[in-house]
Amino acid sequence: QKEVEQNSGPLSVPEGAIASLNCTYSDRGSQSFFWYRQYSGKSPELIMSIYSNGDKEDGRFTAQLNKASQYVSLLIRDSQPSDSATYLCAVVYGSSNTGKLIFGQGTTLQVKP
Amino acid sequence: KAGVTQTPRYLIKTRGQQVTLSCSPISGHRSVSWYQQTPGQGLQFLFEYFSETQRNKGNFPGRFSGRQFSNSRSEMNVSTLELGDSALYLCASSTGQGSTGELFFGEGSRLTVL
C-alpha cells in the first residue's frame, strides 16, 4: 500500500463548478496534512494545511480531514481556469515536528471555460 | 525576502559520472529537504537536513547523499549515475521547527543522464 494515494485524474470540471480532490494515507499516527498546487513547469506551492478532524476553509478552498477513515480531501468552489494544475496531497510521517513530508502522485485538475 | 535558490538549473551527464546539486534556503530557514520528481513516480522524498544533521531519509540507494553546511546551505550528490536518475531534483526549505510540512520549494535542478 502506498503511503499517500491519490487518483491521478485528469479531473475535468466546468468553470464555476466545485472540484473535489481526494487522498488517502496509510499511517494512522499521522497528524499533519497538506495540499500543494503545482502548475505545469513550476514547483509545488503550499495552499492548505489541516491538522484536526473536520473542515478548514480558506477563500474558495476547503480542506476536509477524517483521521478515522485516513482520508483527506480538498474542495475548490467556483472553479476557475486558473485553478487548472496538479494538486498534491502530502502527509507528515513520524512526528509532526520532525517527521518527513510524503507526497501523493497528484491529481491533475482541468477547469474548462 | 529571497526564495529558495537551486543551482545549476539544468545539467546533462553521462552514465557513471557523478553530480552535485546545490540549494540555498530562505534566510532563517534551518531545514532543507530534497525530492526527486519524475512523471512516473511523482515526488519522492530523498532526505532532510536540519542544523547540519540528516534528520530523515527516504528509500533511495546509497549513491544518493547529501550534506548541510553551517549556513544552512545544502548539497546533494549522486554518484555512478544511471539513466533512471534523470529527473527534476527539488529542494525545499522550512524553519525546521513546528510543523515540518510547510515547505517552500526552489525551481529545481533538471538532470538528464545520457
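The values are calculated or read from the model by the stated rules, or taken from the named source; none is laboratory data. All values reported here derive from a predicted model rather than from experimental measurement. A quick note on method: Cβ atoms are made from the backbone with ideal geometry, for glycine too, and the neighbour counts reach across all protein chains shown. Ligands, DNA and RNA are excluded from the accessible area calculation, which covers all protein heavy atoms including side chains. Shrake-Rupley method; radii C 1.70, N 1.55, O 1.52, S 1.80 Å.
Numbers below:
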item: A:Met48 long-range amide H proximity, modeled H, under 5 Å; result: A:Trp35
item: Cα-based convex hull, segment A:22-113, per residue volume (Å³, whole number); result: 95
item: Residues in segment A:87-113 that, when all protein chains are in place, have 40 Å² or more less accessible area than the chain alone would give (probe 1.4 Å); result: A:Asn97, A:Thr98, A:Lys100, A:Leu101, A:Phe103, A:Gln105
item: Average Cα contact separation per residue, chain B, under 8 Å, 6 or more apart, as relative contact order %; result: 36
item: Where labels lie 7 Å past Cα in the beta-carbon direction, separation of A:Glu15 and A:Thr98 in nm; result: 5.1
item: Rounded to whole Hz, the Karplus (6.51, -1.76, 1.60) HN-Hα couplings of segment A:27-42, x for glycine and proline; result: 8, 4, x, 5, 10, 10, 9, 9, 10, 10, 10, 10, 6, 4, x, 10
item: Debye-sum result for chain B in log10 I(q)/I(0), which assumes one identical scatterer on each alpha carbon, at q = 0.14, 0.21 Å⁻¹; result: -0.50, -1.13
item: With every protein chain in place, segment A:1-107: carbon and sulfur % of accessible area (1.4 Å); result: 46
item: For chain A, accessible area per residue (1.4 Å probe, heavy atoms of protein chains only), Å²; result: 46
item: Three semi-axes of the equivalent ellipsoid, the protein assembly as shown, Cα gyration tensor, whole Å, largest first; result: 29, 20, 16
item: Inter-probe distance in nm under a simple model that places probes 7 Å from Cα toward Cβ, at A:Glu5 and B:Thr38; result: 2.2
item: In nm, spacing of pseudo-spin labels at B:Ser79 and B:Glu102 (7 Å Cα→C-beta vector); result: 3.8
item: Amide H contacts of A:Gly99 (H built 1.01 Å from N, under 5 Å, at least 5 apart or other chain); result: B:Thr100
item: Hz values of 3J(HN,Hα) by residue in segment A:10-19 - Karplus curve (6.51, -1.76, 1.60), Gly and Pro given as x; result: x, 9, 10, 10, x, 4, x, 7, 9, 9
item: 3J(HN,Hα) from dihedral phi, segment A:63-69, Karplus parametrisation 6.51/-1.76/1.60, rounded to Hz, x for glycine, proline; result: 9, 10, 10, 10, 5, 5, 8
item: Pairwise burial B:A, computed as accessible area of each alone minus the pair, summed, 1.4 Å, Å²; result: 1600
item: Segment B:25-89, accessible area per residue, ligands and nucleic acids excluded (1.4 Å, Å²); result: 43
item: Segment A:44-113 versus segment B:72-114: alpha-carbon centroid distance in Å; result: 22
item: Carbon and sulfur %, accessible surface of chain B computed with the full protein complex present, 1.4 Å; result: 47
